[in-house]
Amino acid sequence: MTPEEIDEILARNAPAGAGSAAIERVKVSLPPLQPVHPLASPWALALAFIMVFAAVAVLGAWALGVGGLPLLSGIQRAVIFPVLFAAGIVAAIAGVREMRPAGGRRIGSFALAMGTLAPLAAFALLFSDYDNPRFVAEGLKCLVAGVGCAIPAALALYLLLRRGFVLEWRAAGLAAGTLAGLAGICMLELHCPILKAPHLMLWHVAVVWVCGIGGSLAGCMLAARTRVPEP
């Protein structure tokens, strides 16, 4: 919007009888306006979100070792990774919608539900070995590794969100946390060699839930810090 367009809007919406002096006083009372770059298209932003998700998952597995992928059967690979990718797309769309006012219906809660229930169902259908004597010890290691992998993804997604105009940081944090958690669980599917149903259904899926809720809480704290105090 140019200064001329602002002048036109003020003149068109001025009360009847308002003189040029009154319009000038309104113009002087406006805060200083700075030029901004146009926001990228929603599809370009969603692609950037997905690229963060994929890059963090692959790099995290490369750093920790790809010990799980070779043990998965063809059917397991064909189900698990498309499910995680589909959930990641939903979470990316949820995040993009928070970057602009009236960007669309909020779906962060749906993204978190899909990001937890879809992998849970896939693991329940694909794995039948329930013998897991070191359930807690092995599980905690995967939970920590998955959340640790999700942290850099969450930071990168936060930088992307800041390029938009986020009105509700709680919802934005929920979407970003969910997508970061999905990057963590995807890394674990590439890295973790433990193919026990209870391990996968609890500890791997918990990464998404923990990160989604954590992202929402972080968004609440960020909103509280940036809230403008009422006069």
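List of remarks:
- Tally, over segment 130-150, of residues that are in contact (Cβ under 8 Å) with a residue 40 or more places away in the chain and not aromatic (Phe, Trp, Tyr): 12
- Here the condition is being at pLDDT 95 or above and surrounded by 13 or more Cβ atoms within 10 Å (Cβ to Cβ); of ALA54, ALA18, it holds for ALA54 alone.
- Matching residues in segment 83-105 - criterion: being within 12 Å of the chain's Cα centre (by Cα) and outside any helix (DSSP H, G or I): GLU98, MET99
- Answer residue from segment 49-82, given it is part of a loop (DSSP other than H, G, I, E, B) and among the aliphatic types (A, V, I, L, M) and is nearest to LEU159 (Cα to Cα) among those: VAL66
- Residue in segment 163-180 that is more than 18 Å from ALA57 (Cα to Cα), under 13 Å from the mean Cα position of the chain (by Cα), in a helix (DSSP H, G or I) and of a type in the set (S, T, N, Q) present: no
- For segment 166-181, the condition of being touching a helix residue (DSSP H, G or I) at 6+ places or on another chain (Cβ under 9 Å), of a type outside the set (Phe, Trp, Tyr), farther than 14 Å from THR116 by Cα and without any contact (Cβ under 8 Å) to a residue 60 or more places away in the chain holds for at least one residue.
- On inspection, LEU167 fails the criterion of being in the same structural domain as LEU217 (by TED's automatic domain parsing) and out of contact with any Pro (no Cβ under 7 Å at 6 or more places or on another chain).
- Residues being within 15 Å of the chain's Cα centre (by Cα) and either part of a loop (DSSP other than H, G, I, E, B) or touching a residue at least 12 places away in the same chain (Cβ under 8 Å) (or both) - total across segment 106-121: 10
The values are calculated or read from the model by the stated rules, or taken from the named source; none is laboratory data. None of these values were measured; they are calculated from a predicted model. Using ideal geometry, Cβ is built from the backbone for each residue, glycine included, and neighbour counts are taken over all protein chains shown.
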